[in-house]
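The values are calculated or read from the model by the stated rules, or taken from the named source; none is laboratory data. Bear in mind the structure is a predicted one, so any value in this text is a computation, not a measurement. Glycine also receives a Cβ, built like all others from the backbone with ideal geometry; neighbour counts cover every protein chain displayed.
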Amino acid sequence: MKKRIVIAARDNWENYFSRLFPVKSDSGDTQVLGVSHRGIHFLKVVRASGINPKHLRVLRSYSFAELLSVDLQNAEKVELELKSENLVLQSTRAPQITAMIRLFLQKLVKDSGHVVALKSFVTDDKSLLSFSRGDIIKLLPMEGLQTGWCFGSMGGRSGLFPEDITQPSAAPDYHFLQLDRRDDRRKSMRGSGPVSPPKGPSQGPISRRMDGADSERPSREALLPSLVQRSVQSSVQGSVHELEVISAMTKFATEYFRVGTTGLPASGRNFSEVVQHTEVPIQESLILYSDPEINDLSVQCFMNVMQFMGDAPLKKTQSSCLSYILLLGKEKELLRDEIYCQVIKQTTNNSTKSSSTLGWRLLSLMTGFFPCSGILQPYVTHHLHNISQDSEHPYQELACVCQDNLQRSLNFGGRRNLPSHIEMEAILAGKTSRRIPIQLPGGVDFPIKIHSFSLTLDVVTEFCREMGTSDLAEIKEFSIFAIRLKGKSD
């Protein structure tokens, strides 16, 4: 328990697990540089009300994958070369800053299997991989490569590229990406209302314009040796070249799932298979996490998913498995994407009807209890949308329910409390709605149907609809008082 508390604090309060250095930047805003196992953080001391009148505000954070190099210019000046800009920091601790960042970079870059683009590389040749300066490319093994060429994948695409315009890089930290997206979402939520999720996964760097002084536009004849060309043609089968024939979740897997020495997932199967149902428990998390604690929890979660769905012998009740999965997602925000991927995997190409049905019921509950991150959201949305539009899919209706629940979670934060024992049993039996009485003036009861994730607004709107009222201004005049009897838990 103590270890879990420390890990939770480390993941959510990174400033307390960072080494802090006083600095001055060109902009003048940054006062403190924090260096931790996750990356570097530019901080500013601000005043606040409360017990501690001062605290550190994070101005910007960068993972080590975004940091190209660090250079000590003199005893009080250090230059950081990032993917998007170069920053010069003044500090009396410049040598210590340089030494600490270099130490982290050396450890993370070694055997990372990733490179970062130093220049943009644009081509119309489908055998080659196009990318922009600063993009992180995952290296994949390939036989017959000539000197000076590499083979890798990025954004769901794979292909050859010149080695001399890249350099070894730290692997992208999925944990850091989630924190970054979460902070961005919180900032945007303060300034505007909820935003509808995108209809499908983003197209990634390939959709951006990649021109400028550092771009290179190679021709096939000039850059692609015949031997390499034959190797590409023989390796295209089973690769991730043809985006139109693979699912949204497969695209996500090619970008963020674990990759073994063969260039395929650690299981040895191709990416389309790794997002499909399996009867074999996983030994590592699907998503590449650097934290061993997160990895262990992922393995335990998958076993609970298998037991709940009947894919593995039950060692406890179904209700206990369901409570474990939902509670884990509520308490461990950084594990939510992994849980989503696990359940979607077990409901994809599942030939056992009872198992698949339970999996879809679990997914419908999860989407209402906690949302996935902004990284995974467009892929899940696209996955559910495709199924909801397929009239021949046996779970078309449940896919629509999942879509609605996910949107509610994104807008309102998800349901706070786990189902009671009675509600849990009803859910396992496939019942997700019940009628409750609304007591009107005069003691008259008006029964109305509610669902597992109904909002007060839904109930008021439905009540007004029954009375023939649809005007929003009139609906806002009504309110509901909820009375909870003593001794009642549901």
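Those residues that are in contact (Cβ under 8 Å) with a residue 60 or more places away in the chain and in a strand (DSSP E or B), I need them from segment 140-150; list them, please.
Residue satisfying the conditions is 149 alone.
Here are some residues: 454, 470. Which one is farther than 16 Å from residue 369 by Cβ, among the polar types (S, T, N, Q), free of Cβ contacts under 8 Å to residues at least 40 places away in the same chain and not assigned by TED's automatic domain parsing to the domain that holds residue 310?
470
Scan segment 17-40 residue by residue and report those that are in a loop (DSSP other than H, G, I, E, B), touching a His at 6+ places or on another chain (Cβ under 8 Å) and at pLDDT 80 or above.
Answer for segment 17-40, where residues must be in a loop (DSSP other than H, G, I, E, B), touching a His at 6+ places or on another chain (Cβ under 8 Å) and at pLDDT 80 or above: just 18.
Exactly one of (1) at pLDDT below 90; (2) closer than 20 Å to residue 258 by Cβ is unmet by residue 330. Its number?
(2)
Can you pull out every residue in segment 1-16 that is outside any helix (DSSP H, G or I) and either of a type outside the set (A, V, I, L, M) or at pLDDT 60 or above (or both)?
Of everything in segment 1-16, just one residue is outside any helix (DSSP H, G or I) and either of a type outside the set (A, V, I, L, M) or at pLDDT 60 or above (or both), namely 13.
Residue by residue, here is whether (1) farther than 28 Å from residue 383 by Cβ; (2) surrounded by 10 or more Cβ atoms within 10 Å (Cβ to Cβ) holds:
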| position | (1), (2) |
| --- | --- |
| 406 | no, yes |
| 426 | no, yes |
| 429 | no, no |
| 436 | yes, yes |
| 439 | yes, yes |
| 452 | no, yes |
| 459 | yes, yes |
| 478 | yes, yes |
